[in-house]
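Handing you a structure now.
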Amino acid sequence: MEINGTQIILEQCEYDALIAENVALKARVKELEELVKQLQVQINTLLTKKNSSNSSIPPSTDLTRKNRSLRTLSGKKPGGQSGHEGHTLIMTDTPDETHKLIPDYCNQCGNELAEIEAQFESKRQVVEMPPIKPLYIEFQSYSKICTCGHKQIGNYPCGVTNHIQYGASIEAIIGYQSVYQYTPFKRLRELFNHCFHLPISEGSIDNILKRLSAKALPLYQAIKGQIEMSEQVGGDETGVKINGKKGWLFTFQTSALTFLSVSLSRGFDTIQSLFKNGFPFSVYVTDCLVAQLKTVAKAHQLCTSHLLRELNNFIDALGCQWSMEMKQLLQQAIELKPQLTCDDYLH
């Protein structure tokens, strides 16, 4: 059978077309394989629910409040460790009351023991709180007529301005319980009524806290100024309720100072309003929030705890070996830090 030149050319063209199509299909298959890998990563990420243990999500949003600790097992038994200084209740050498338990008769035969001298055997102590009741202090002002004719009236102590008012110790307790112990107004009122036998209204509590706030304002501003000039500053924010609305509690702290402020905004505008110059002398340690990273600082550093949570998310979603190794490295660094001396930091 004879094959003319035209047929050979056609067959060659068909062959070249098949080769080109095959190359294009292989490229398409490779492209789709890459797409499948990307989609699989996204699926795994979506299936892995984020919580406070593997992301920067606050614990209050967790459906189950049992959080995964970022700490590694130390291998030590739970409880106080050997050599740890304990806090055992210790007897006092000067008790406020002493009750001598001297027997009057013999339990064996019934004889009276009043004429027999008692011998000390042992002692035990019980620690009690004395009954708490309000102490009412009355100041009485008198006057005298001077020989010059002037009537001199005795002055009341500084701060005693009303005919009846709460004293400094009560104001201090209210400030401590409200600010440090986070006791709500209603529970504060019940505490004073039930334990201190002193009725007090929630309005009075509010007024006292406002007065304390005004007194503390100069110190509050001084703390803010020192933090702004510090070499290291940590910044964070967490969700809170402000008059029933969702707000944010911003925290700025050093190793010795803490500055707190609340806002309805989590944005950069809140930080800018508090520290308009940012932290130009500080290494600013935060999470990955854009508002925090946007803040002016000498240098930025990501918080180790937040990094560990993000690594947990990569491990849970992707089984990422690099994330496992990086997490281990960070944990080893945390364990090593307490062993470093000042010389180690300098070198």
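Could you say whether any residue in region 309-320 is closer than 29 Å to residue 221 by Cα, within 19 Å of the chain's Cα centre (by Cα) and at pLDDT below 90? Reasoning before the result, please.
Here is the first cut: in region 309-320, the residues closer than 29 Å to residue 221 by Cα are none.
No, there is no match, as no residue in region 309-320 is closer than 29 Å to residue 221 by Cα, within 19 Å of the chain's Cα centre (by Cα) and at pLDDT below 90.
Suppose we filter 278, 247 for residues that are over 23 Å from residue 229 (Cβ atoms), touching a strand residue (DSSP E or B) at 6+ places or on another chain (Cβ under 6 Å) and buried (at least 16 other Cβ atoms within 10 Å of the Cβ); which single one remains?
Working: 278 fails: over 23 Å from residue 229 (Cβ atoms).
When all the criteria are applied, what remains is 247.
How many residues does region 212-235 contain that are assigned to a strand (DSSP E or B) and of a type in the set (S, T, N, Q)? Let's see the steps before the verdict.
Applying the first criterion (assigned to a strand (DSSP E or B)) to region 212-235 yields 232-235.
This time we only want the ones that are of a type in the set (S, T, N, Q), so: 232.
Here the count works out to 1.
Next up: Exactly one of these conditions fails for residue 301: (1) in contact (Cβ under 8 Å) with a residue 60 or more places away in the chain; (2) surrounded by fewer than 17 Cβ atoms within 10 Å (Cβ to Cβ); (3) touching a Phe, Trp or Tyr at 6+ places or on another chain (Cβ under 8 Å). Give me its number.
Residue 301 satisfies all of (1) in contact (Cβ under 8 Å) with a residue 60 or more places away in the chain; (2) surrounded by fewer than 17 Cβ atoms within 10 Å (Cβ to Cβ); (3) touching a Phe, Trp or Tyr at 6+ places or on another chain (Cβ under 8 Å) except (1).
Regarding residue 190, is this residue touching a strand residue (DSSP E or B) at 6+ places or on another chain (Cβ under 7 Å) and not aliphatic (A, V, I, L, M)? I'd like the intermediate steps shown before the answer.
On the way: touching a strand residue (DSSP E or B) at 6+ places or on another chain (Cβ under 7 Å): no; not aliphatic (A, V, I, L, M): yes.
Taking the combined requirement at face value, the residue does not satisfy it.
Take residue 241 and decide whether it is modelled with pLDDT of 95 or more, outside any loop (DSSP other than H, G, I, E, B), over 24 Å from residue 133 (Cβ atoms) and not small (Gly, Ala, Ser). Please lay out each step first, then the result.
Details: modelled with pLDDT of 95 or more: no; outside any loop (DSSP other than H, G, I, E, B): yes; over 24 Å from residue 133 (Cβ atoms): yes; not small (Gly, Ala, Ser): yes.
The answer is no for residue 241.
Could you list, in sequence order, all residues of region 146-197 that are within 22 Å of residue 213 (Cβ to Cβ) and in contact (Cβ under 8 Å) with a residue 40 or more places away in the chain? Before you say what the answer is, go through the steps one by one.
Of all residues in region 146-197, those within 22 Å of residue 213 (Cβ to Cβ) come to 158-162, 165-189, 191-192.
Those that are within 22 Å of residue 213 (Cβ to Cβ) and in contact (Cβ under 8 Å) with a residue 40 or more places away in the chain: 166, 171.
Exactly one condition in (1) under 24 Å from residue 299 (Cα atoms); (2) in contact with a strand residue (DSSP E or B) (Cβ under 9 Å, 6 or more places away or on another chain) is not met by residue 257; state its number.
(2)
Taking residue 91 as the residue in question, decide whether it is modelled with pLDDT under 75 and either hydrophobic (A, V, I, L, M, F, W, C) or touching a strand residue (DSSP E or B) at 6+ places or on another chain (Cβ under 7 Å) (or both). Break it down stepwise before answering.
Working: modelled with pLDDT under 75: no; either hydrophobic (A, V, I, L, M, F, W, C) or touching a strand residue (DSSP E or B) at 6+ places or on another chain (Cβ under 7 Å) (or both): yes.
Spelling it out, it is not the case that residue 91 is modelled with pLDDT under 75 and either hydrophobic (A, V, I, L, M, F, W, C) or touching a strand residue (DSSP E or B) at 6+ places or on another chain (Cβ under 7 Å) (or both).
Here is a further query. Name every residue in region 107-138 that is more than 27 Å from residue 191 (Cβ to Cβ) and either hydroxyl-bearing (Ser, Thr, Tyr) or in contact with a strand residue (DSSP E or B) (Cβ under 8 Å, 6 or more places away or on another chain) (or both), in order of residue number.
Residues of region 107-138 that are more than 27 Å from residue 191 (Cβ to Cβ), as a first pass: 107-125.
Of everything in region 107-138, those that are more than 27 Å from residue 191 (Cβ to Cβ) and either hydroxyl-bearing (Ser, Thr, Tyr) or in contact with a strand residue (DSSP E or B) (Cβ under 8 Å, 6 or more places away or on another chain) (or both) turn out to be 111, 112, 113, 122.
Another one. State yes or no: is residue 290 farther than 27 Å from residue 174 by Cα and at pLDDT below 95?
Working: farther than 27 Å from residue 174 by Cα: yes; at pLDDT below 95: yes.
Spelling it out, residue 290 is indeed farther than 27 Å from residue 174 by Cα and at pLDDT below 95.
The values are calculated or read from the model by the stated rules, or taken from the named source; none is laboratory data. The structure displayed is predicted, hence computed values, not measured ones. Note that each Cβ is placed from the backbone with ideal geometry, even for glycine, and that neighbours are counted across all protein chains shown.
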